[in-house]
Amino acid sequence: QAIVSVNVIPELDGQSIRIAGFVVPLEFNEKTITQFFLVPYFGACIHVPPPAPNQIILVNYPIGLTQRNLYDPMWITGRLKTDLVENEIGTSAYTMDADSHKEYF
């Protein structure tokens, strides 16, 4: 049941947060990634099984991340929403409109 959990923390809805994770690109061009899943470990959503939906954040970032090494985690800052989104790569129980990013050290 934990593998498919969509249980969220309602108190996080609308909160500005900073969270670290790995990027799984969804919308991108040769230079930037503008939409991605932020996941807790490298390779999530590409390998089976994916993390539970409540461990995946769908991030919209119009400014975009520069194409980079996906092995490296990132800090992402923005407003979190509890919102279930499904696509062919995975399902997320949270979305975020990102304001900024920084390499994780």
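The values are calculated or read from the model by the stated rules, or taken from the named source; none is laboratory data. As the structure is a computational prediction, the values presented were derived from the model and not from experiment. Every residue, glycine among them, receives a Cβ derived from its backbone with ideal geometry; neighbour counts consider all protein chains shown. For accessibility, only protein heavy atoms count, side chains too; no ligands or nucleic acids. Shrake-Rupley method; radii C 1.70, N 1.55, O 1.52, S 1.80 Å.
Enumerate by residue number the GluC sites (Glu not before Pro) in segment 45-105 meeting two conditions: DSSP loop (anything except H, G, I, E, B), and at most 14 other Cβ atoms within 10 Å of the site's Cβ. Passing both the DSSP loop test and the Cβ count: GLU88.
Given a 1.4 Å probe and the protein chains as shown, ILE9 ends up with an accessible area of around 90 Å². Taking TYR41, TYR94, TYR61 as the candidate residues, the one with maximal mean-square fluctuation in a Gaussian network model of the chain, Cα springs under 10 Å, is TYR41. Solvent-accessible surface (1.4 Å probe) assigned to LYS31 amounts to roughly 140 Å².
The accessible-area ordering, largest first, of the residues LEU80, LEU12 stands as LEU12, LEU80, per a 1.4 angstrom probe.
Expressed as a whole percent, the accessible surface of segment 15-105 that belongs to carbon and sulfur atoms is 53, based on a 1.4 Å probe. Label-to-label distance, PHE28 versus ASN60, with points set 7 angstrom from Cα along the beta-carbon direction: 2.1 nm. Computed about its Cα centre, the charge dipole of the chain is approximately 220 debye, with only Lys, Arg, Asp and Glu carrying charge at their Cβ.
Given (i) 12.8, 41; (ii) 14.2, 39; (iii) 12.7, 39, which label gives Rg and Dmax of the Cα atoms in Å as computed from the coordinates? Looking at Rg and Dmax of the Cα atoms in Å for this model, the match is (iii).
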